[in-house]
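Peer 1: Before I ask anything, let me first share the structure, which is written out below as structure tokens.
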Amino acid sequence: MVVEIFGVSYTLREDGATDAERIRELARRVDRKMREVADHSPSLDAERIAILAAVNLANESSSSSEDGEEVEDGRFVEMVERVSSLTSELEAALDS
């Protein structure tokens, strides 16, 4: 599957565990957030934009859940670990 984030196409392997449309929606969210950051700080390079977008998305995820309540610390740690794992998988897929 190919997704585009901030003007760059990424080919991702589907593992069957995650719905392809879900992955596309997540890529759209990341793209939107990176564009928001870039609009506010046009002098930043893409790497810094990506980091700030990731921090913003993590903050949004940690401060609200589906019912609007604060996410528990354990759930936040779990999300951070999952993001770290997915980042490693993405880097490995891009290197191959």
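Peer 1: If you plug each phi of segment 21-38 into the Karplus form 6.51 cos²θ - 1.76 cosθ + 1.60 with θ = phi - 60°, what whole-Hz ³J(HN,Hα) values come out, in order, with x for Gly and Pro?
Peer 2: After applying 6.51 cos²θ - 1.76 cosθ + 1.60, I find 5, 4, 5, 4, 5, 4, 5, 5, 4, 5, 4, 4, 5, 5, 5, 4, 4, 4 Hz.
Peer 1: Sticking with this structure for a sec: Between MET1 and ARG28, what length comes free when the chain is fully extended (0.36 nm per residue of separation minus the Cα-Cα distance, one decimal in nm)?
Peer 2: Extending this stretch completely gives an extra 8.3 nm.
Peer 1: Another question, then. In nm, to one decimal, how far is the ARG48 label point from the VAL83 one, both placed 7 Å along Cα→Cβ?
Peer 2: Here the answer is 2.0 nm between the modelled labels.
Peer 1: Let me ask you something else. Please list the non-local residues whose amide H lies under 5 Å from the amide H of ILE5, H modeled 1.01 Å from N, same-chain partners needing a gap of 5 or more.
Peer 2: TYR10
FYI, it's all coordinate maths here, none of it is from the lab. Model, not experiment: these values are computed from the prediction. Virtual Cβ from ideal backbone geometry, glycine too; neighbours counted across all protein chains shown.
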